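A.B. asks: The structure under discussion is supplied below as structure tokens; questions concerning it will follow.
The values are calculated or read from the model by the stated rules, or taken from the named source; none is laboratory data. From a predicted model like this one, the values you see are computed outputs, not experimental measurements. When we count neighbours, we look across all protein chains shown, and the Cβ atoms used for this are built from the backbone with ideal geometry, even at glycine. Quick note on the areas: whole protein, heavy atoms, side chains included, nothing else; ligands and nucleic acids left out. Shrake-Rupley method; radii C 1.70, N 1.55, O 1.52, S 1.80 Å.
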Amino acid sequence: LLLRQLFTKSPNPTGKTFPTYDPRTGDVIAHVAEGDAEDINRAVSAARKAFDEGPWPKMTAYERSRVLFRFADLIDQHTEELATLETWDNGKPYEQAAKIELPMISRLIRYYAGWADKIHGLTVPADSSHLVQTIHEPIGVAGQIIPWNFPLLMFAWKVGPALACGNTVVIKTAEQTPLSALYAAKLLHEAGLPPGVLNVVSGFGPTAGAALATHMQVDKLAFTGSTETGKIVLELAAKSNLKPVTLELGGKSPFIVCKDADVDKTVELAHFALFFNQGQCCCAGSRTYVHESVYDEFLEKAKARALKRSVGDPFVAGIEQGPQIDSEQFEKIMRYIRSGVESGATLETGGERIGDKGFYIQPTVFSNVKEDMLIAKDEIFGPVQSILKFKDINEVIRRANTTSYGLAAGVFTQDIDTANTLTRALKVGTVWINCYDVFDAAIPFGGYKMSGQGREKGIHCLSNYLQVKAVVTPLKDPAWI
């Protein structure tokens, strides 16, 4: 029934399709219309017309907010369908999708619905007899490219602020997970979004993604994905019409356990920080630094926790870990596990495939990991925990910052001075102190260095989708300046 609702009309005139797979089995779920450069042209033309001639940018901000509030209500009403599609297409546990991610999504949409009528400029005092105002205007047609690890959440992170600011959107979904965004777009139109304002294209990066990045009628581009692809997207955008680009990219985030940390608590949080979403999380705490005084205790408990982790069909209640997204990602993770063993790290547990169907991997823990090993340097994007030992704060600061990434970090200590020192020394966009993966619609998210440019969520994200215009008018015989 869900698939019939999604595919009653094909938006693809060529008839080309591609399969989307169930990672539990490797079987085909459905064949989805394959968008290419021509489909991107059609989508951008629709978005351009909707922005230049349509009602959306001309609506009052309050009217736009009402559409977004209705959309959030519809998300809550259709949680079961959306979570089912997300689990079916992505492999994440259904309970995670339904109980954690969907409430976050509707909350974020309401957050930006609330912002829609609160975007305003300033009256600026000038040194001469002029009235100076700043006006915040929508930037125009926003091109957006989202990843496969959190398809619906990234859809909301991108579409919510863009629409609240009065823009129109062309969004390209990941080829691995095209289904849930199509259903969400259907709900948005049911909420009253005018035609042409939101255009969803399913397709591949080298064709549809590249066409969107290079399109001369796209005014802004937002991308979430790997650092390698982010570089390509940035180059394509610069070579086209110099459209501004925001990038939310990869990470190799340090999880720092100090000597005074609560070991039992940090073991559980470190496990969550790494293994959440099958390890397919850009801000995963994938370098676990543990002070030498508690290293042995932490390691034994981390190993025991990994052995207890429940892996299986993500639709079954109580399952913590489902399959990896596809065969390509599965093989990549297995190569990194073999690399860890070959480079001299100690494989404490895991490291093998589970079953012979689907893309399941045992929760894996390595000890005696060194900075020059690939498992300590590269973003594995899988259920592989690397545990490293350190002696003092200055050492761990240096080692934690010796990476091209700078997305997030976790700091675990009972000492406020230690926490403050680490917070300011770590070159990352988010520092969690005695917690991890705490997300909120109002908390900005993004990275330093090669983890990206700009911020998602919060008030900071609005500037991604707005132009600032200065308006200067002479004042004749003003009573005051």
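A.B. asks: Report the label-to-label distance for residue 27 and residue 268 in nanometres (one decimal), using points 7 Å from each Cα along the Cα→Cβ vector.
C.D. replies: So the two model labels end up 3.8 nm from each other.
A.B. asks: Project the alpha carbons of the stretch 376-452 onto their principal axes and report the range along each, largest first, in whole Å.
C.D. replies: For the stretch 376-452, the Cα extents along the three principal axes come out at 30, 29, 24 Å.
A.B. asks: Hey, another quick one. Computed over the Cα atoms of the stretch 408-466, what is the ratio Rg over Rh, Rh following Kirkwood?
C.D. replies: Taking Rg over the Kirkwood Rh, I get 1.03.
A.B. asks: Same structure again: Read phi for every residue in the stretch 218-223 and hand back ³J(HN,Hα) as whole Hz from Karplus 6.51 cos²θ - 1.76 cosθ + 1.60, θ = phi - 60°, with x for Gly and Pro.
C.D. replies: Couplings: 8, 8, 7, 10, 10, 9 Hz.
A.B. asks: For the stretch 21-56 and the stretch 288-325, what is the centre-to-centre distance using only Cα atoms, to the nearest Å?
C.D. replies: 38
A.B. asks: Sticking with this structure for a sec: Based solely on C-alpha atoms, express the radius of gyration and the Dmax of the stretch 169-237 in angstrom.
C.D. replies: Over the stretch 169-237's Cα set, Rg and Dmax evaluate to 12.9, 38 Å.
A.B. asks: Say the cut-off is 25 Å between C-alpha atoms; which of 377/449; 231/391; 158/377; 243/427; 231/377 go over it?
C.D. replies: 231/391; 158/377; 243/427
A.B. asks: Suppose R0 equals 41 Å; then what is the FRET efficiency for residue 226 and residue 356 from their Cβ-Cβ distance, rounded to the nearest 0.05?
C.D. replies: The computed FRET efficiency comes out at 0.90.
A.B. asks: Run the quick spin-label model on residue 467 and residue 130: label points 7 Å from Cα toward the beta carbon, then report their separation in nm to one decimal.
C.D. replies: Calculated label separation equals 1.9 nm.
A.B. asks: Say each of residue 49 and residue 372 gets a label point 7 Å from the Cα, pointing the same way as Cα to Cβ; how far apart are those two points in nm?
C.D. replies: 6.2
A.B. asks: Another one. May I ask you to give the average projected area over all directions of the convex hull of the Cα atoms of the stretch 222-346, in nm² rounded to one decimal?
C.D. replies: Mean shadow area of the hull around the Cα atoms is 10.6 nm².
A.B. asks: Averaging over all projection directions, find the projected area of the Cα convex hull of the stretch 318-414 and quote it in nm² with one decimal place.
C.D. replies: 8.1
A.B. asks: In Å, what Kirkwood hydrodynamic radius results for the stretch 254-433 from the alpha-carbon pair distances?
C.D. replies: Value: 16.4 Å, from the Cα pair sum.
A.B. asks: Something else: What angle do you read, to the nearest 10 degrees and between 0 and 90, between the alpha-carbon axis of helix 327-342 and the longest principal axis of the chain?
C.D. replies: 40
A.B. asks: Over what distance in Å are the Cα centres of the stretch 92-117 and the stretch 210-257 separated?
C.D. replies: 24
A.B. asks: Calculated from DSSP H runs of 4 or more alone, at -39500 (n - 2.57) each and per residue, what is the 222 nm mean residue ellipticity of the chain, nearest 500?
C.D. replies: -11000 deg cm²/dmol
A.B. asks: Can you sort 115, 157 by 1.4 Å-probe accessible area, starting with the largest?
C.D. replies: Per-residue accessible area, sorted high to low, gives 115, 157.
A.B. asks: Excluding the sites themselves, what is the longest stretch of the chain that contains no GluC sites (Glu not before Pro) in a DSSP loop with at most 16 other C-beta atoms within 10 Å?
C.D. replies: The answer is 54-291.
A.B. asks: Taking each pair of distinct Cα atoms in the stretch 167-287 once, what is the resulting Kirkwood hydrodynamic radius in Å?
C.D. replies: 17.0
A.B. asks: A follow-up question, please. Based on the inverse mean of 1/r over its pairs of different Cα atoms, what is the Kirkwood hydrodynamic radius of the chain, in Å?
C.D. replies: Radius from the Kirkwood sum: 23.5 Å.
A.B. asks: For an R0 of 41 angstrom, estimate the FRET efficiency from the Cβ-Cβ distance between residue 242 and residue 475 and round to the nearest 0.05.
C.D. replies: 0.70
A.B. asks: As an exercise, identify the trypsin sites (Lys or Arg not before Pro) in the stretch 403-481 lying in DSSP coil whose Cβ has no more than 10 other Cβ atoms within 10 Å.
C.D. replies: 476
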